[in-house]
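As structure tokens, the structure follows; a few thoughts come after it.
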Amino acid sequence: MTSIAEPGVVIGAVADLELGESRAYVVGGKQIAVFRMTDGSLRATGAVCPHRAGPLADGQFDAAKIVCPLHQYAFSFADGACTSDGIGSVSVYRAEERDGDIVVWL
């Protein structure tokens, strides 16, 4: 787990990600999907579904989970576990807004 004292990585402007929208970024050689909730908070997971490599940033999401657009497998934002079947999990990353930027911790 990343220490809170370690600096996060700025990946873009939060203004480029509308409320209720998501986007994939490459951070430190990893594909990360960032989700901006309708309340403005941010969530981040690995960007690739472990089932068939579906693009999670293109999936539907709510405050608790992201649903892969290919086969509707759902993954919890809390721990990355698959909530609809035991196919594996995705990485979950700390993400927040700082001074108008999206910052993630790998």
For residue 47, all conditions in the list (1) of a type outside the set (Asp, Glu); (2) over 22 Å from residue 87 (Cα atoms); (3) surrounded by 16 or more Cβ atoms within 10 Å (Cβ to Cβ) hold save one; what is the number of the exception? (2)
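Yes/no per residue for (1) without any contact (Cβ under 8 Å) to a residue 40 or more places away in the chain; (2) over 17 Å from residue 92 (Cβ atoms):
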{"residue": "8", "(1), (2)": "no, no"}
{"residue": "20", "(1), (2)": "yes, yes"}
{"residue": "31", "(1), (2)": "yes, no"}
{"residue": "40", "(1), (2)": "no, yes"}
The condition from (1) surrounded by 12 or more Cβ atoms within 10 Å (Cβ to Cβ); (2) touching a Ser or Thr at 6+ places or on another chain (Cβ under 9 Å); (3) closer than 16 Å to residue 97 by Cβ that residue 19 misses is numbered (1)
Might you check whether a residue that is surrounded by fewer than 16 Cβ atoms within 10 Å (Cβ to Cβ) and in contact with an Asp or Glu (Cβ under 8 Å, 6 or more places away or on another chain) occurs anywhere in segment 66-77? yes
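Here's the yes/no breakdown for (1) among the aliphatic types (A, V, I, L, M); (2) over 15 Å from residue 20 (Cβ atoms):
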{"position": "30", "(1), (2)": "no, yes"}
{"position": "39", "(1), (2)": "no, no"}
{"position": "43", "(1), (2)": "no, no"}
{"position": "49", "(1), (2)": "no, yes"}
{"position": "52", "(1), (2)": "no, yes"}
{"position": "67", "(1), (2)": "yes, no"}
{"position": "74", "(1), (2)": "yes, yes"}
{"position": "84", "(1), (2)": "no, yes"}
Sort out which residues of segment 13-52 are aliphatic (A, V, I, L, M) and at pLDDT below 95, and write them in order of number. 27
Given the structure, is residue 95 touching a Leu at 6+ places or on another chain (Cβ under 8 Å) and either surrounded by fewer than 19 Cβ atoms within 10 Å (Cβ to Cβ) or of a type outside the set (Asp, Glu) (or both)? yes
All but one of (1) over 14 Å from residue 91 (Cα atoms); (2) in contact (Cβ under 8 Å) with a residue 24 or more places away in the chain; (3) of a type outside the set (A, V, I, L, M, F, W, C) hold for residue 80; which doesn't? (1)
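The values are calculated or read from the model by the stated rules, or taken from the named source; none is laboratory data. Quantities reported herein were computed from a predicted structural model and do not represent experimental measurements. Cβ atoms come from the backbone with ideal geometry, glycine included; neighbour counts cover every protein chain shown.
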